[in-house]
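Here's the structure we're looking at; comments come further down.
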Amino acid sequence: PHLDGVVVRGGEEDAERRDDRDRVHVALVAAELLRALEPRLNEAIMNTMNSVNTCPYCTGLHGELGRMAGINSYAIVEGGAGEAAKQVSSPAIAYTKAFAEGCGRGPAVESTRAACVAAMGEGKTKSVEACCWYLQWGKTTGNTVNKVRNALFKPWTLYKVSLGELATFVYYTP
């Protein structure tokens, strides 16, 4: 039997094919999100998130993508949401800042999201929100990998690494 083009063996999906399908699904969703927002706004959102979350991977990648989109990404990372708002006028920036500071929860997130919906519509606001969650997850993963990697180079600090962080490191590093 087949399930969305994935061969089912013994009632369970073949793990390799399921992983491939999941990767394709994530790539398609990410591509759709990026198309929903203009490049300048998308990179202003990413760099605003990173001004709070400070992930070196995100700074490098979105710094260059922002430059190509016509914004000064590094100024946003240094100056935060205020600098982003100077470069790209959108209520999405205030929502992104509140999201980053509140990890996606709380009254500030709710009120700035409502303002974003009023100005941009529900669809584009969902795209902004998805970008925020995507970068929040990426920052958490990237910083966790860095923490464990650094502890491996300083074995006397390994006691500070939790089992969850170690599991994340093992799963996400080659």
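What to note about this one:
- If the Kirkwood radius is taken over C-alpha pairs of the stretch 79-141, then at 25 °C and 0.890 mPa s the Stokes-Einstein diffusion coefficient equals 211 µm²/s.
- With the simple spin-label model, which puts each label point 7 Å out from Cα in the Cβ direction, the residue 170 to residue 115 separation comes to 4.5 nm.
- Sequence ranges 43-52, 84-93, ranked by mean other-Cβ count within 10 angstrom, highest first: 43-52, 84-93
- Difference of contour (0.36 nm per residue) and Cα-Cα distance, residue 157 to residue 108: 14.0 nm
- Entries of 86/124; 86/147; 126/154 with Cα pairs more than 32 Å apart: 86/147; 126/154
- Taking only the alpha carbons of the stretch 131-174, we obtain Rg and Dmax values of 11.1, 37 Å in that order.
- Portion, in percent, of the accessible area of the stretch 37-174 that falls on carbon or sulfur, probe 1.4 Å: 62
- The trypsin sites (Lys or Arg not before Pro) of the stretch 102-174 that meet both conditions, a loop assignment by DSSP and at most 11 other Cβ atoms within 10 Å of the site Cβ, are 105.
- In the stretch 65-174, the convex hull through the Cα atoms has an average projected area of 9.0 nm², a quarter of its surface area.
The values are calculated or read from the model by the stated rules, or taken from the named source; none is laboratory data. What you see is a predicted model, and the numbers here were worked out from it, not measured in a lab. Every residue, glycine as well, gets a Cβ built from its backbone with ideal geometry; the counts of neighbours run over all protein chains shown. Each accessible area value is taken on the protein alone, full model and side chains, heavy atoms only, with ligands, DNA and RNA left out. Shrake-Rupley method; radii C 1.70, N 1.55, O 1.52, S 1.80 Å.
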